[in-house]
Amino acid sequence: AALSGYSPWHYIRMFTENFGMSPRAYLRGLRMDAARQLLTSTTLKIEDVAGRVGYNSTGTFSWTFTKHVGENPSTYRTRTKAERLAMRNAHTK
């Protein structure tokens, strides 16, 4: 807000009008996108993924991920891994 020259309230209102969500919700979405990428492309522990996307608490990360994505991080990783293997096997036949 300070860099834009607007008050914090006005900046949040303008951001929400332009992006359809608050800056906090936008940042949460970016974090969850990064978490999904890490969960599918690495073998990092869930707590390490949480730390890399800005969460100090694995519990808070898991709760937020579940609310945002619709399943917990461990289930998401297992499901997407199985889907990737199934696709890979289908392409090799």
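Taking the stretch 17-69 only, how many residues are touching a Leu at 6+ places or on another chain (Cβ under 7 Å) and not hydrophobic (A, V, I, L, M, F, W, C)?
So the count comes out to 1.
Here is a check on your reading of the model: is Ser22 loosely packed, with under 14 Cβ neighbours inside 10 Å and touching a helix residue (DSSP H, G or I) at 6+ places or on another chain (Cβ under 8 Å)?
Yes, satisfied.
Give just the number: which of (1) open to solvent by 80 Å² or more (accessible area, probe 1.4 Å); (2) over 26 Å from Pro8 (Cβ atoms); (3) under 12 Å from the mean Cα position of the chain (by Cα) does Asn72 not satisfy?
Going through the list (1) open to solvent by 80 Å² or more (accessible area, probe 1.4 Å); (2) over 26 Å from Pro8 (Cβ atoms); (3) under 12 Å from the mean Cα position of the chain (by Cα), Asn72 breaks only (1).
Out of Thr92, Thr43, Thr64, Thr78, I need the residue that is among the hydroxyl-bearing types (Ser, Thr, Tyr), surrounded by 14 or more Cβ atoms within 10 Å (Cβ to Cβ) and free of Cβ contacts under 8 Å to residues at least 40 places away in the same chain. Which one?
Only one candidate qualifies: Thr64.
The values are calculated or read from the model by the stated rules, or taken from the named source; none is laboratory data. Just so it is clear, the model here is predicted, and its values are computed rather than measured. Cβ coordinates were reconstructed from backbone atoms using ideal geometry, including for glycine residues, and neighbour counts include every protein chain displayed. Quick note on the areas: whole protein, heavy atoms, side chains included, nothing else; ligands and nucleic acids left out. Shrake-Rupley method; radii C 1.70, N 1.55, O 1.52, S 1.80 Å.
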